[in-house]
Amino acid sequence: MLWISTTCLRETPLDVTLESLGSLTRGVEIVDGGAHRIPAASLLESFPYQYVIRLPQREINPASILEPVRQASVAAIIERFTFASEVSAEVVIDPGYINAQADLPFAKRQLMRSCNDLLSAADEYGIRFFFRNMGRREGNLVRYPEDLNLITQVPLALDIGHAHVNGCLPRFLHEAASRNFYLYDCREFSEEHVEIGKGSINFEQVAAGMFANGARGIIDAPTFRAAHNSLKKLRHFGIG
C-alpha cells in the first residue's frame, strides 16, 4: 500500500482532507501544522486509517544552540508522541538547522542530546520515530549520508527529493537502509515538488532501493490530482 501525505490538500481543513484521501489510500501522513494541526486524537480515530505524523519543518529545532529552544523543541515533539501513542502512529521529525556555520559543532552535540531525550520518551510512550534528511539550504543538518552519524540510533525517513537536489540520492539508496521513502519528483536542483514522472528523478533506482529494504512509500505531492497521478505512475515501477 502506498501512503499519501496531507500536503496535497494543505489548505483544506483536516477532517475534509482525511475524508478525501480515503479514495486513494488507507495510509495517511498528517503534516501537523497550519490547516492540518491535529486538534485531538479523536478526529484521527474516526477514520479507518493508519497514520504517520510529521512535525512542521521550521517551528521545531532539536539542534538549536540555545538550550531553552532545544528543550522547548523536545517538549513539543514529546507532546505529539502522546497523540501518536493514542492512534498507533509513527512520527517523522526534521533534525534541525543552524544560522551560522560556526555554530555547527555545538549544534551537532545539541542534536545528539535531543536524540537521547526523544529515544527515552519514545520508549515511554511505546512509539517509533524517524528523522528526515534535509534539502539544499546550507544550514540544514543531515543532508548527506555521512551526516547519519549524528542520528545513529534513530532510523531515517528518506526524502528522495532532498537527496536528489543535494546530488546524493544514489548514495543514500546504496548506503542507508531506510524503511520509509518520501516519494515525489523534482526538476534538476529545484526543491519544488512535482508529480512523479514530470521531473528528473530516476524512479527505477528508487524502486530498487525500496524493494531492497522493504520500504513504505509516502507520496508527498503538491495537489490531490498530482497525488492520484503519482499513485498510478508508481505502479508502473512496481511500487504499491
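The modelled label-to-label distance for the pair Ser23/Arg137, using points 7 Å beyond Cα in the direction of Cβ, is 3.4 nm.
Dipole magnitude for segment 101-206: computed about the Cα centre from +1 point charges on Lys and Arg Cβ and -1 point charges on Asp and Glu Cβ, it is near 160 debye.
Summary value for the chain: 18 percent relative contact order, contacts being C-alpha pairs under 8 angstrom separated by 6+ residues.
Counting 0.36 nm for each residue step from Tyr144 to Phe211 and taking away their Cα separation leaves a gain of 22.0 nm.
When the helix-only estimate is applied to the chain (DSSP H runs of n ≥ 4, each -39,500 (n - 2.57), divided by the residue count), what is the mean residue ellipticity at 222 nm, nearest 500 deg cm²/dmol?
Mean residue ellipticity at 222 nm (helix-derived): -12000 deg cm²/dmol.
Along its principal axes, segment 28-155 has C-alpha extents of 48, 28, 28 angstrom, given from the largest down.
Of the Cα atoms belonging to the chain, the radius of gyration and Dmax stand at 17.0, 49 Å.
Bear in mind that the values in this text are calculations on the coordinates, not laboratory data. As the structure is a prediction and not an experimental result, all values here were calculated from the model. Heads up, the Cβs are rebuilt from the backbone with ideal geometry, glycines too, and the neighbour counts pull from every protein chain shown.
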